[in-house]
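**Q** Dropping the structure in here first, questions after.
The values are calculated or read from the model by the stated rules, or taken from the named source; none is laboratory data. In this text, all values refer to a predicted model and were calculated from it rather than measured experimentally. Glycine also receives a Cβ, built like all others from the backbone with ideal geometry; neighbour counts cover every protein chain displayed.
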Amino acid sequence: MKYFVLNHKMNLSYPEILTYKEQIQKLDISNVHFVVVPSFPYLPLFKDASYGVGSQNVAFRAYGALTGEVSALQLSSLGVTYTIVAHSERRQIMKETDADFIQKIELLLQTNIRPIFCIGETETEREQGKTNDVLASQIEGVFSSFDTSNLQSIILAYEPVWAIGTGKVARNEDIEETVSNIKEFVSTHYHVDLPVLYGGSVNPSNIASLEVVPNIDGYLIGGASLDPKKIEEMLKEVR
C-alpha cells in the first residue's frame, strides 16, 4: 500500500480541526497507509486514531530548557509515529542544517518514530542540471551518520522546492527518472531500499496522472490535505 501523508502546515482553527476529524473518520482509507500531520496543538485530538499520526517537526534535544520546542519523547507519548524532517520550509526559512536533521533523526529513532526525510531541488538547480547532485548531497549529509539498521526506518519524500504550494507539478518522466535515481543512489551507497514519496502541489486534478509514475511509494500532500472532500477524491485514485 502507498503512503498518504497529509501535512496541514500552520492551518486550521480549533473548530475547523474538530470538523475535519469528524469528516475524515468517514473516509475509506483501507487502500493506503493514511497519516495525518496536524499542527502541534491538535496532536492530542488524534492520540487514539485508527490511522497514522505525524508531527511536522521535533526538537533537536531530548529534553530541557528549549522554550517553544517539542521533544521526541513528548510526541511519542501522544501516539505520534511519524515526523517530517528537513522540509524545504525548515531548510529555507528556519535555516536548519544537516547537523540539526541528524540530531532530530537520532532522537526520533530512539523513540520508534519514523522520520519522513524531505529532499528537493530549487528551480534554478533543476534548470542548471544539478538535481541529482543536490539530492545526493542532501542524502549524504545526513545518511552518512547512520548505520543500515537505522536507515531502514526512514521514509524519503522528494519534493521539488519549486513545486511546493505553487500549483506547478514536475513532468511525469522527470519524476520517474528522479525517483529512480534516488532509490538507486540509496541502495548503492547505503544498501537499503527505502520508500520514496512525492510531494509538491499534489491535488485531485493531478494525482491520477501521478499514479502512472513507477516507483512512487506514496504522497506528501500539503494544501489539498486541508479539505476532506479533496482527500476523498484523491483516495479514489490511489492504487
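**Q** In the stretch 68-87, which residues are more than 11 Å from Ile116 (Cβ to Cβ) and either of a type in the set (A, V, I, L, M, F, W, C) or not in a loop (DSSP other than H, G, I, E, B) (or both)?
**A** Of everything in the stretch 68-87, those that are more than 11 Å from Ile116 (Cβ to Cβ) and either of a type in the set (A, V, I, L, M, F, W, C) or not in a loop (DSSP other than H, G, I, E, B) (or both) turn out to be Val70, Ala72, Leu73, Gln74, Leu75, Ser76, Ser77, Leu78, Val80.
**Q** Give the stretch 110-149 a look and list any residue that's assigned to a loop (DSSP other than H, G, I, E, B) and not hydroxyl-bearing (Ser, Thr, Tyr), or say none.
**A** Going through the stretch 110-149, the residues assigned to a loop (DSSP other than H, G, I, E, B) turn out to be 111-113, 120-122, 128-130, 144-147.
Within the stretch 110-149, Asn112, Ile113, Gly120, Glu121, Gln128, Gly129, Lys130, Phe146, Asp147 meet the criteria.
**Q** Could you list all residues from the stretch 174-202 that are at pLDDT below 95 and surrounded by fewer than 16 Cβ atoms within 10 Å (Cβ to Cβ)?
**A** If the condition is that a residue be at pLDDT below 95 and surrounded by fewer than 16 Cβ atoms within 10 Å (Cβ to Cβ), then Asp174 is the only one that fits.
**Q** Could I ask something else about it? Of the numbered conditions (1) over 14 Å from the mean Cα position of the chain (by Cα); (2) closer than 24 Å to Met234 by Cα, His87 fails exactly one; give the number of that condition.
**A** Answer for His87: the failing condition is (1).
**Q** Given the criteria β-branched (Val, Ile, Thr) and out of contact with any strand residue (DSSP E or B) (no Cβ under 9 Å at 6 or more places or on another chain), does Ile17 qualify? Walk me through it before giving the result.
**A** Numbers: β-branched (Val, Ile, Thr): yes; out of contact with any strand residue (DSSP E or B) (no Cβ under 9 Å at 6 or more places or on another chain): yes.
Here the answer is yes, as Ile17 does meet what is asked.
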